[in-house]
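Written below as structure tokens is the structure these notes are about.
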Amino acid sequence: MSERDTTVTGTTVIAGRRMVPRKRRGFFRTLAEQRFLFLMSMPFAVMVLIFNYLPIWGWTVAFQKYKPGKLFWAQTWVGLANFIDLFQQPRFYLALQNTLTMSLMSLLVNFTFPIAFAILLSEMRWRGFKRLIQTVSYLPHFVSWVVVSGIVYRMLSTDAGPINQIISAMGGKPIQFMAQSNLFYFIVTGADLWKELGWNAIIYLAAIAAIDPELFEAAKVDGAGRWGQIWNITLPGISHIVIILLILSIGNLINIGFERQFQLMNTIVLDRAQVLELYALRYGIQMNNFGRGAAIGVVNSVVSLTLLFVANGIFRRKTGESVM
Amino acid sequence: MTTTRSKWFFSRSGWTFDAVNALIMILVLVVTLYPFLNVLAISLNDSKDSVRGGLTIFPRIFTLENYKTILNFGNIPHAAMISALRTLIGTFLSLVACSMVAYALHHREFMGRRFLSRFLAITLYVSGGLIPGFLLIRTLGLMNNFLVYILPGMVNAFNIFVIRTYMDGLPHELQESAKIDGANDFMIFRRIVIPLCQPVLATIGLFVAVGQWNSWFDTYIYNASDPNLSTLQYELMKVLQSTQTGNEAAYGSDVVQRMQQVSPESIKMAITIITIAPILVVYPFLQRYFVRGLVIGAVKG
Amino acid sequence: MTAVTKRLTGLLIALVLGLALPAALVAQGSPVTFSAFFADPNANWANMEDEVGKYITQKTGVTIKCEFPIGTADDKINMIVASGQYPDLISPKGAAGVLIDNDAVLDLDPLIRKNAPNIMKVIGDQFDRMRFNTKKPGVYFLPNNDTIGQVNFDTDSWFKLQLAALKEQKYPLVKTLADYEKVIATYVKAHPTIDGQPTIGLSLLAEDWRFVISVTNPAFWATGYSDDGEWAIDPKTFAAKPHVMRTEEREYFRWLNSVNAKGLLDPESFVQKYDQYKAKIASGRVVGVIDADWEIQDAVNSLKAAGMYERTYGRFGAVLKSGIKAAYNVPTGFRGGYGIGITTSCKDPVRALKFLDWLASEEGQILIAWGIKDKHYTVDKGKRSFIPSYLDMKNNDLATFQRTTGIGNYNIGIRYGDGVKDSTGNYFTSKNPELILSGYSEEDKAALKAYKVTYWNDLLPQPKEFKAIPWGAAWSIPTPQDSPLNEFWNVEQDITRKYIPMAILGKPADFNKTYDQMLAELTKSTGKYMALESELVQDRMKLWKILK
């Protein structure tokens, strides 16, 4: 902990000032001192209040048998019935399982690979090639899942798909990848990696760019090789952003959306493809069961916030990094 | 540790490292470039021929018909202008707002720090749903209004946290000495911190700009009845919509008359290219911010 | 006349003119704009700037401002309802229930009888079929989806075979599934590859909702039942059940299982995406498809553009065993169903209704289907036909045709269907038998000649061989907003989409077991919906005064 303080993390230690505990200095005195900070943040906090917090009254729908058009006070209140009903649906648990599994796999893969890629890219010596890779690698991010799923299907097809052609050439039997339920999680994670690698790496590239070059010079003088530099300078240098993003992503574990699964699924792998948001769509909104859709949203948010606070707490204790 | 020894050690491991690195990069290049070239090829290929599949990176029957179909749709030029406008204004304002809040949060002694951080973090995982949001916008008079593209998303917790984390990682001597010299928080922000933050601002700016450029759902829900406020992506969605056989055909009723000339796949591809093109043009200008040490060195000097 | 009388007369005339002129102006059409929302997107909507649109505005004074959804209309309609601000006109398709439950649309029953003579004429004795249900028997929507008196000149049938295969086998009679299979098997044996790629005997499409079109609907077509969506309604008791629960349909899927066991079924059938499916068809190597014309349209267009006409398809109403009558042509009568309504937000509902009425007049209907006389069409010796340059545009660039002329943009109200003739002896619509014939290729015609018929439709049992279905079609019956029936589709689809592919791809010995599992789950999960749907059907028949 203390070593970190003196190397790159460098917490603020203003000579002398920090020593004095805040209470004694008086509330208004501090307010006056920090007036700029307040002015720079409070107006925007108000905007967040308006646009993000006010609509939360929509959570009340989770406790109603909601019908659009009827006024707020005219809705039928059913208390926790929507939730109880939800927790009794076997499909809910199936969706939950699928969601969490794919999320965890995605978390693992979408941290390690982009970081590794960003580091390798920043170590690249040929400027022109480096710039080319930088530009090209994020292009798949802009190709929609509809198109990407088409490409994935074609790649894995038994009907002249390249992967199976390679397998046949090596003497094996073609495999119908998209029809294997067990492979679905991997295919989704793999496709996601392919699509988002370059884009996810951008933020790490920026973080690496911010590391003080003097530190690298110092390390070189100390005899560190490429790996030594990476291990001792680069990785710690981006550790803050990595941890913050990790905490935020853990909060999102249950929130992964559904487009990937929806586009990549077919009738055979259906059971593995149902994720929570897709479930909410089909068994909530599409059935005009707004109460259930809202209940799922509430469950989502509660779980996410719990995960967030827990992850944040753990990381704060272990590394001193914290989102809040 | 003599210098000759470290030099030898450095250059030898460096060489293999670079070679392996280059190989990996080439692999990444091929794998990520292919889908894009594939999309480009299909978009430039005669749409009836595209249905047969089998295209890789070159068109079989070259045509600009797909693009012509889209551009003939009518409102595209005006919509593109609106999209550009919202991207520029929205990105700028969002960066200003988020960086200011991030700066405030970056001060550990800031009174509102804990509260504000939590306040913001919660918004990332909590949402009231589509209809309450819709009613709010309506109550605020932001329906059929350009500002609905800018205001609601302007202050974004994720962006704020990323910028703040970046600020936390900056060397503090500069800020300290400025404070001792008597500068106030805002001046430090403007003169010292922001220039140091160029990489992260470029990054977040890119994220926000792409989000603005690609968004169409807000146009659909809030501004659909005013063609003057239509955005490029929304117009493109409408084009795509028109080429697809709709659900109603499933039950034997009149098939919605669609543009028989152009198949949906070709249009999807052309739309993708039209959307990516401006980003491809702008990104190289941002790349200089991702060069290691460049920014810090410059500011320090 | 005395001077005074002259003066008085003059005053009187002035008075009459003064009153009549504005009235005449209103009658002809002082300008008014109505806002409208259509759940069916129309890509070629040109804000009434097209030729027909301008003519309409000039004649009636009415301009319509339209909004369309992206994707499903449900989101947008829910917003509209939640905000309480409705457009003047609305055509919500399936979401009608939401609007009626919120009293958003007007009951047009009294207004129609007074203000809409043309609509009254067109609807004739089918007036009751415009009503909603017995609880809310008003006329809320004017049907604009189904048309009056519609005659289908060339009905589609699902069991399609490549013309090349039929030709090579000297155009065998294809009446049963066994015949159908034989053509495929023979051709695949003789041609293991087509154009260098492996031949595929039969390929199905199972992507999302298209599953019902290509995989499960054919089960009822082949066993003599007609299209009631996912339901089968007993004609005597009017009880409803999911159609795959019919005992005959089990045999259809068993047949598919055997086709798979023989290796004639594309193994990717249940995995492939729509564009992969189309690509296979467009490459010319799929001998048989069981699908609707409109679903393979893109692929067929591609084949034609490449000159591969012999790889396009002829179609048959193949049935499980001889004696069953394929019900593609069974008459449903006017189905009512989806329509256009006038909302409570409309400030001048009578004017709106009069406008819709004008569109339903003979003049209006000819205008929206044929365009402007001597501009888009001519009448030569009493026969109406398009001016050649426009006909050309219509056949080759339908989008531009629709957008510039406006023909096809205004099918928003009630109107006659194909095959109905107007007072001049010409068809109201521009779809007619000659047009269909001109759409047949040489290969089509050769095949039809060998089968000794003029249209593919001639191979199917004709409408007069059936009794009209008293309830129309189950899928066109609107569901109330809060009825549990809204859940039926997703629940039933999740079960059928899981088990049917298993049953077809599995070993023949396991077929019965898998199918029974599916039936058991269906009975368990959809039991409550069956009762509700039966109620709905009976309710409709009471509404239409068929049942008491």
Can you tell me which residue among B:Pro152, B:Pro199 is modelled with pLDDT under 90 and either surrounded by 19 or more Cβ atoms within 10 Å (Cβ to Cβ) or touching a His at 6+ places or on another chain (Cβ under 7 Å) (or both)? B:Pro199
Can you tell me which residue is surrounded by the fewest Cβ atoms within 10 Å (Cβ to Cβ) among those in segment B:206-226 that are among the hydrophobic types (A, V, I, L, M, F, W, C), in a helix (DSSP H, G or I) and within 9 Å of chain C (Cβ to nearest Cβ)? B:Phe217
Given the residues A:Ala201, A:Ala218, A:Ala191, which is the only one that is modelled with pLDDT of 85 or more and within 30 Å of B:Val51 (Cβ to Cβ)? A:Ala191
Which condition does A:Gly313 not pass, out of (1) free of Cβ contacts under 8 Å to residues at least 40 places away in the same chain; (2) under 30 Å from C:Phe270 (Cα atoms), if it passes all the others? (2)
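To keep it simple, each residue is scored yes or no on (1) in contact with a strand residue (DSSP E or B) (Cβ under 8 Å, 6 or more places away or on another chain); (2) basic (Lys, Arg); (3) modelled with pLDDT of 90 or more.
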position	(1), (2), (3)
C:Val98	no, no, no
C:Val105	yes, no, yes
C:Ile123	yes, no, no
C:Asn133	no, no, no
C:Gly138	no, no, no
C:Asp146	no, no, no
C:Phe153	no, no, no
C:Ser157	yes, no, yes
C:Leu163	yes, no, yes
Residue that is surrounded by the most Cβ atoms within 10 Å (Cβ to Cβ) [pool: residues in segment B:155-193 that are closer than 28 Å to A:Leu246 by Cβ and among the aromatic types (Phe, Trp, Tyr)]: B:Tyr166
When only residues in segment C:386-407 that are modelled with pLDDT of 85 or more and of a type in the set (Gly, Ala, Ser) count, which is nearest to the chain's Cα centre (by Cα)? C:Gly406
How about segment B:35-64: which of its residues are under 24 Å from A:Trp145 (Cα atoms) and within 12 Å of chain C (Cβ to nearest Cβ)? B:Ile42, B:Asn45, B:Asp46, B:Ser47, B:Lys48, B:Asp49, B:Ser50, B:Val51, B:Arg52, B:Gly53, B:Gly54, B:Leu55
Restricting segment C:74-85 to residues that are touching a Phe, Trp or Tyr at 6+ places or on another chain (Cβ under 8 Å) and surrounded by fewer than 22 Cβ atoms within 10 Å (Cβ to Cβ), which is nearest to B:Ser242 (Cα to Cα)? C:Lys76
What are the residues in segment A:200-258 that are of a type in the set (Asp, Glu) and within 7 Å of chain B (Cβ to nearest Cβ), if any? A:Asp212
In this structure, does C:Gly337 turn out to be within 14 Å of another protein chain (Cβ to nearest Cβ), free of Cβ contacts under 8 Å to residues at least 40 places away in the same chain, over 30 Å from C:Glu251 (Cα atoms) and in a loop (DSSP other than H, G, I, E, B)? no
Tell me, please, whether a residue that is within 27 Å of C:Gly339 (Cα to Cα) and within 14 Å of chain B (Cβ to nearest Cβ) can be found in segment C:358-365. no
Whether any residue in segment C:179-196 is within 14 Å of chain A (Cβ to nearest Cβ) and not in a loop (DSSP other than H, G, I, E, B) is what I want to check. yes
Could you say which residue among C:Val62, C:Val52, C:Val32 is over 26 Å from B:Trp216 (Cα atoms), surrounded by fewer than 20 Cβ atoms within 10 Å (Cβ to Cβ) and either in contact with a Phe, Trp or Tyr (Cβ under 7 Å, 6 or more places away or on another chain) or of a type in the set (A, V, I, L, M, F, W, C) (or both)? C:Val32
Any chance you could count how many residues in segment A:137-147 are surrounded by fewer than 21 Cβ atoms within 10 Å (Cβ to Cβ) and either modelled with pLDDT of 90 or more or more than 7 Å from every other protein chain (Cβ to nearest Cβ) (or both)? 2
On the basis of being in contact with a Ser or Thr (Cβ under 8 Å, 6 or more places away or on another chain), within 14 Å of chain A (Cβ to nearest Cβ) and not in a helix (DSSP H, G or I), does C:Asp103 make the cut? yes
Could you run through segment A:116-171 and say how many residues are part of a loop (DSSP other than H, G, I, E, B) and touching a residue at least 40 places away in the same chain (Cβ under 8 Å)? 3
Number of the exception - C:Lys394 against (1) assigned to a loop (DSSP other than H, G, I, E, B); (2) within 22 Å of C:Asp293 (Cβ to Cβ); (3) not hydrophobic (A, V, I, L, M, F, W, C): (1)
Does C:Val122 qualify as being surrounded by 17 or more Cβ atoms within 10 Å (Cβ to Cβ) and touching a Gly at 6+ places or on another chain (Cβ under 7 Å)? no
Of the residues B:Ile180, B:Ile188, B:Ile204, which single one is among the hydrophobic types (A, V, I, L, M, F, W, C), modelled with pLDDT under 90 and touching a helix residue (DSSP H, G or I) at 6+ places or on another chain (Cβ under 7 Å)? B:Ile188
From C:Arg250, C:Arg285, which residue is at pLDDT 90 or above, surrounded by fewer than 23 Cβ atoms within 10 Å (Cβ to Cβ), over 23 Å from the mean Cα position of the chain (by Cα) and over 30 Å from B:Glu265 (Cα atoms)? C:Arg250
Identify all residues within segment B:114-155 that are in contact with a Ser or Thr (Cβ under 9 Å, 6 or more places away or on another chain), in a loop (DSSP other than H, G, I, E, B) and at the interface with chain A (Cβ under 9 Å from one of its Cβ atoms); write none if there are none. B:Leu124, B:Tyr125, B:Val126, B:Ser127, B:Gly153, B:Met154, B:Val155
Per the filter on segment C:197-225, residues part of a strand (DSSP E or B) and touching a strand residue (DSSP E or B) at 6+ places or on another chain (Cβ under 7 Å) are C:Ile200, C:Gly201, C:Leu202, C:Ser203
Output the residue which, of all residues in segment C:480-514 that are surrounded by 19 or more Cβ atoms within 10 Å (Cβ to Cβ) and among the polar types (S, T, N, Q), is farthest from the other protein chains (Cβ to nearest Cβ). C:Thr514
B:Met167 passes all but one of the listed conditions (1) more than 7 Å from every other protein chain (Cβ to nearest Cβ); (2) under 28 Å from A:Ser322 (Cβ atoms); (3) outside any helix (DSSP H, G or I); (4) not aromatic (Phe, Trp, Tyr); the exception is number (3)
Cβ-Cβ under 6 Å, sequence separation 6+ or interchain: first residue in segment A:172-186 and surrounded by 16 or more Cβ atoms within 10 Å (Cβ to Cβ), partner basic (Lys, Arg). Which pairs? A:Phe184/A:Arg272
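The values are calculated or read from the model by the stated rules, or taken from the named source; none is laboratory data. Predicted model, so just to flag it, every value in this text is computed and none were measured. So basically every Cβ, Gly included, is an ideal-geometry build from the backbone, and we count neighbours across all protein chains shown.
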